[in-house]
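See below for the structure under consideration.
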Amino acid sequence: MSQPMSQPISPRRLRHLETLEAESIHILREAAATFRNPVMLYSIGKDSSVMLHLARKAFHPAPLPFPLMHVDTLWKFREMIQFREQVAKDPAIRMLVHTNPDGARDNVNPIDHGSAQHTSIMKTQGLLQAMEKYGFDCAFGGARRDEERSRAKERVFSFRDSHQQWDPKNQRPELWNLYNTQLQQGHSVRVFPLSNWTELDVWLYVSLEEIPVVPLYFSAPRPVVKRDGTWIMVDDDRLPLHDGETPEQKSVRFRTLGCYPLSGAVESTATTLPEIIQEMLSTQWSERQGRLIDNDQDASMEQKKKEGYF
Amino acid sequence: MAANSHTSPAQPPAPMAGQTNLRAEEEAVRAGTAAIETYLENYQQRQLLRFVCVGSVDDGKSTLIGRLLHDTGTIYADQMEAVAQASAKKGSELDLALLTDGLQAEREQGITIDVAYRHFTTDKRKFIIADTPGHVQYTRNMVTGASTADLALILIDARLGVLAQSRRHAHIASLLGIKNLAVCINKMDLVGHDQTRFQDIESEFRAFASPLGFADVGCIPISALEGTNVVRPDTEHTPWYRGPTVLQYLESVPIHHDSDKENQQSPGTNHFRFPVQYVLRPNLDFRGFAGWIARGSVQPGDRVLALPSGKSSTIRDIHLYNTTLDQGVEGQSVVLRTDDEIDISRGDILVSPDHLPQVQRQVTADLVWLDEAPLLQDKTYLLKHTTRTLHAQVSAIQWKRDTESFEPIQADTLGMNDIARVDLSCHRALLFDDYSDQRQTGAFILIDSLSRNTVAAGMLRAPNATPPTLEHAMEEVHARSGLGHQTHIGQEERNQRSKQLGMSVKGGVIWLSGLPGSGRWDLAYALERALFDRGHWTTVLDPENETTDSTLSAARACARAGVLAITAFQTPSWDREQWQRARDRLGHLSTLIVHVNTSEERARQRRPSGGPPATPPPAPDITVSLDDAELDAAVDIILEQVEKWSDPT
């Protein structure tokens, strides 16, 4: 490789986070400009926080041209719900909350029904109900390709047929930044603006842009019990304690957030963003490891996505 | 996995002695010897390099990527454990290829059938790999991965040398405008790390690739299995090799930008391109144009020209969220405001007034066909280019590439994975740049208007064109549609639509001729009902005050639209030649001329005032009689004929 003899004055080149930001904004605008009725699926986690921040950037000073929607399984951490209510106070944001009424009536829960059934009924079916109820043809999600093996092949614009199903063999090729936003009647699309981000990118961006995130990501003394080698937080009195099990106060934090009985905490002393990032760099374990639902069966994420899970 | 002793089973990765630390900064943070703040500051400064990695299972591509991820410390312990378990399940030792195996279906088949994106990072750069299979039937995947790549990493099996496949990969990389190639000559362990073997392959490859316009080609002898020269130099096995390792090459190769050319040749020139994505108008005081800077840069006070309107204005300010910027740079998503209230909407483009893009309705492009359904030349496709979508037809296929030799050959149509040079006609002028000069405004996709699939990737070619004058550009903008006065719906498209709707689509003309009172109108309506019941689109044309010619025109239009047009208008007294001319007017459409041969006597009984006796057609296709009012029998005879018409689908 030979460097040019004299380097001419060249304009500033974007750094990688600026590149990722610009691409995500482009994706959000492209979808908002072309779909009839888009919605942003808001899961309250750090990825949703970043996605929301990017959406504000994409349309500022106008309000968001689409609502946010949280599919509430009724088993989220209380702090997550508080955080959601806080976000919903912003006049530029319209927040929708949907809970599967059938599941709520039958008291479907992760303890009696297990993680797989609870997720399928409260999360997957709840989402599909809401998509139909509001007639959304496009839903933004905060998934990243680095999260899980089957996500590595996910498109930025991922098409679902009229049954909201994902067919991995029948996805459109995506070239350049030319997204094909043409839909067949009754079909819909999931759009992932953070596809090319990594967990580290997300944290770094949260830190640089001072994006608010749920305090559960930061370490604090919390009441926990040890189950299957991981710490489960006793967030309310619905979590039945096993014989001889007493919650203990541990300094823990969460790398991913979901339904509290299904989200494993890690022991940590990280109370600031730099400390979280430092801890991340030192960790031996990938982020989804604390998420109990992925390990239900081999290739379980792929299976869930085929059924309509995000 | 494929039955290939080299890719599987693999040896457990053994860290080599004296290894350099690729993520030293990260290590220092872990060890507590460097401040996290410094690390974060440095991390932010890294640039992103995207590369497409192409090769087949047998080339050891998955093993190479697994090796890159593993040796750069990108694999978490739980992922490693999962791979160890999966390897054990297959009865093999630790197989790094399993790190990147994605979908269940693929794992079962042991092949990679789709583009997968992977990430890793070192102290110098962030990397996104587009991992694509290399076989000819997966050309579309390589093209997809290459479209966003800065560099292509091509694998060559040292035992097999430069194959047709390797040449194809280099051609595609060049076609997609990739400037840097990393050619990894793999499995050096299987040729005894032979320097001569490596040099032979390298010189063969360089000779072949030199006309393809790459800025930099690096050839690296590697063994993905052993880790030779992948991340670390291997002085033990290849002491004769002094060049960079794969990773060193990836970390140091200059990232090419399209605007490098004008920056080097004439610094200060600016080929600004800003396709408008979205117009923000939150209140009467703010009107901003949101978009992504495809090329060049922009500053307040810059003169810009809006196309296709041809209006110019001056940039007032540049916004990114709640900040205003001194400058917007290439690749940035920003909001621009102009001094004058010029009318701009999504799909328009703001450009430097002293360097206009090409403005043309008739263009030449390289196409890669991506869909299972072949190209139809009479069909109108949607063409998405920047933020505009227009209608376009492929007016001619100049040539396509032979899949093996890559030589240009004649072609009537294009199928999946075909690469061709074509002429396109668009209903409005495209505002574009030559792809090799400007990727973002030279690229387009074709979309099938029925299936809505992305059917082709296109690269616009105008290699020696000079920028048009504004006057010329505006002439082309205001010119009539480039598609001409003909239907923009191909027969095949109509057939597909009917298929979607579950209807039969045999367009055709059924022309009932006979005496007044012969009962041909009764027959016409009975036939319409019978055809409808059998799932056909059909209608009776009952002209009032129309000429024979105009009725025939109507029948022809119906037939083209997939409708069976039945008509029974008063039969003219034509000679053989006139009948033939009428048939000719219907062209290749299915036509059935029926002589309703009711006797004169019976006809007069029914219609005493019937007009002049008509001459029967000299050569009817069939003859039916309605003397005994056997309407159903006559319908059946005609139905039998119509069913014989070939089903167009």
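Sorting B:HIS588, B:HIS536 on solvent-accessible area from highest to lowest, probe radius 1.4 Å, gives B:HIS588, B:HIS536.
Tell me, what % of the accessible area of the protein assembly as shown is carbon and sulfur with a 1.4 angstrom probe?
Answer for the protein assembly as shown is 47 percent, counting heavy atoms of protein chains only.
Annotation: amide H of B:TYR278 within the under-5 Å range of B:ALA290, sequence separation 5 or more or interchain, hydrogens built in the peptide plane.
Centre-to-centre, using Cα atoms only, segment A:107-158 and segment B:162-214 are separated by 44 Å. Distance from a point 7 Å along Cα→Cβ of B:PHE406 to each backbone N in segment B:140-174: keep the residues under 11 Å and list them by number. The answer is B:163-174. Shielding value for B:271-283 is 3, the average number of Cβ atoms from other chains within 10 Å of each residue's Cβ. Near the amide H of A:MET69, within less than 5 Å, lie the amide hydrogens of A:MET40, A:LEU41, A:TYR42, A:LEU96, all on another chain or at least 5 residues away, with H placed in the peptide plane. Take each residue in A:55-66, count the other chain C-beta atoms within 10 Å of its C-beta, and the mean is 5. The H on the amide N of B:THR591, modeled in the peptide plane, is under 5 Å from the matching H of B:VAL509, each at least 5 residues off or on a different chain. Looking at the protein assembly as shown, what % of the alpha carbon pairs are farther apart than 46 Å? Beyond 46 Å sits 39 percent of the P(r) for the protein assembly as shown.
Classify chain A as rounded, prolate or oblate from the Cα gyration tensor: take a ≥ b ≥ c as the square roots of its eigenvalues, call it rounded if a/c is under 1.5, otherwise prolate when a/b beats b/c and oblate if not. Verdict is oblate for chain A. With the helix formula -39500 (n - 2.57) applied to DSSP H stretches of n ≥ 4, chain A reaches a computed 222 nm mean residue ellipticity of -9500 deg cm²/dmol. The figure for A:SER195 is an accessible area of roughly 10 square angstrom, using a 1.4 Å probe on the protein chains alone. Take A:210-222, B:284-296 and order them by the average number of nearby Cβ atoms within 10 Å per residue, most first; the result is B:284-296, A:210-222. Between B:ALA84 and B:ALA396, the distance separating the two model label sites (each 7 Å from Cα on the Cα→Cβ line) works out to 6.5 nm.
Just to confirm my numbers, what's the Cα centroid distance between segment B:436-454 and segment A:30-71 in Å? The distance from the Cα centre of segment B:436-454 to that of segment A:30-71 comes to 26 Å. Applying the criteria of a DSSP loop state and at most 12 other Cβ atoms within 10 Å to the trypsin sites (Lys or Arg not before Pro) of segment B:193-280 yields B:ARG242.
Packing-based ranking of B:572-580, B:597-605 yields B:597-605, B:572-580, ordered from highest to lowest mean Cβ neighbour count within 10 Å. Residue by residue, segment B:148-162 carries 3J(HN,Hα) couplings of 10, 8, 8, 8, 10, 9, 10, 9, 10, 6, 4, 6, 9, x, 6 Hz when phi is fed to the Karplus relation 6.51 cos²θ - 1.76 cosθ + 1.60 (θ = phi - 60°); x denotes Gly or Pro. Heavy-atom accessible area buried between chains B and A is around 7700 Å² (1.4 Å probe, both sides summed). The 3J(HN,Hα) values that the Karplus relation (6.51, -1.76, 1.60; θ = phi - 60°) gives for segment B:452-462 are, in residue order, 6, 6, 7, 9, 8, 10, x, 10, 6, 10, 8 Hz. Gly and Pro appear as x. With the helix formula -39500 (n - 2.57) applied to DSSP H stretches of n ≥ 4, chain B reaches a computed 222 nm mean residue ellipticity of -8000 deg cm²/dmol. Take B:516-525, B:375-384, B:306-315 and order them by the average number of nearby Cβ atoms within 10 Å per residue, most first; the result is B:516-525, B:375-384, B:306-315.
The heavy atoms of A:HIS98 offer some 20 square angstrom of accessible surface to a 1.4 angstrom probe.
Counting Cβ atoms of other protein chains within 10 Å of each residue's Cβ and taking the mean over peptide B:314-327 gives 2. In the context of the full protein assembly, B:HIS257 retains an accessible surface of approximately 50 Å², using a probe radius of 1.4 Å and ignoring ligands and nucleic acids. Residues considered: A:GLY244, A:GLY141, A:GLY186. Largest GNM mean-square fluctuation over chain A, using C-alpha springs under 10 Å, is found at A:GLY244.
Simple spin-label estimate for B:ALA24 and A:GLU267 gives 3.4 nm between the two label positions (7 Å along the Cα-to-Cβ direction from each Cα). At full extension, B:LEU639 and B:THR466 could sit 56.2 nm farther apart than now, given 0.36 nm per residue minus the alpha carbon distance.
The listed residues A:GLU85, A:GLU148 rank as A:GLU85, A:GLU148 when sorted by accessible area, largest first, using a 1.4 Å probe. Working note: Karplus 6.51/-1.76/1.60 with θ = phi - 60° gives segment A:95-105 the couplings 10, 9, 10, 10, 10, 4, x, 5, x, 5, 4 Hz, where Gly and Pro are set to x. Gain on full extension, evaluated as 0.36 nm per residue between A:SER282 and A:ASN170 minus their Cα-Cα distance, stands at 36.4 nm.
The values are calculated or read from the model by the stated rules, or taken from the named source; none is laboratory data. Everything numeric in this text was worked out from a predicted model, so none of it was measured. Reconstructed Cβ throughout: ideal geometry from the backbone, glycine too, with neighbour counts over all protein chains shown. In case anyone asks, the SASA skips ligands and DNA or RNA and just uses the protein heavy atoms, side chains included. Shrake-Rupley method; radii C 1.70, N 1.55, O 1.52, S 1.80 Å.
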